[in-house]
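The values are calculated or read from the model by the stated rules, or taken from the named source; none is laboratory data. For clarity, every value in this text was computed on a predicted model and none was experimentally measured. Glycine also receives a Cβ, built like all others from the backbone with ideal geometry; neighbour counts cover every protein chain displayed.
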Amino acid sequence: MEFLEGEKNKIISDYDIGVVRDGKIILTMNVIDMDLLQEVMTSEDMKAWDKKHNCVDVIYS
């Protein structure tokens, strides 16, 4: 997700990834800019990446 690299430090200050099983992870993030996260998560690049990788994001805040 190269398109996210330029924005990552503006959106989050820390994160952890845990593998649940093959094809499923849990990602926890300390979000510092929720508006920018929403902008990135709903961008055309992200939608294309999700479709290509059959990804469904479930976000809790």
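Data overview
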| item | result |
| --- | --- |
| Residue in the range 39-54 that is within 13 Å of the chain's Cα centre (by Cα) and in a strand (DSSP E or B) present | no |
| Selected residue [basic (Lys, Arg) and in contact with a helix residue (DSSP H, G or I) (Cβ under 7 Å, 6 or more places away or on another chain)] from Lys52, Lys10 | Lys10 |
| Condition check for Ile32: modelled with pLDDT of 95 or more, surrounded by 12 or more Cβ atoms within 10 Å (Cβ to Cβ) and among the β-branched types (Val, Ile, Thr) | yes |
| Pairs, first within 15 Å of Val58 (Cβ to Cβ) in the range 23-45, second of a type in the set (A, V, I, L, M, F, W, C) and in a loop (DSSP other than H, G, I, E, B), C-beta under 8 Å, six or more apart | Met41/Ile59 |
| Residue, farthest from the chain's Cα centre (by Cα), within the range 2-29, restricted to residues that are charged (D, E, K, R), assigned to a helix (DSSP H, G or I) and surrounded by 10 or more Cβ atoms within 10 Å (Cβ to Cβ) | Lys10 |
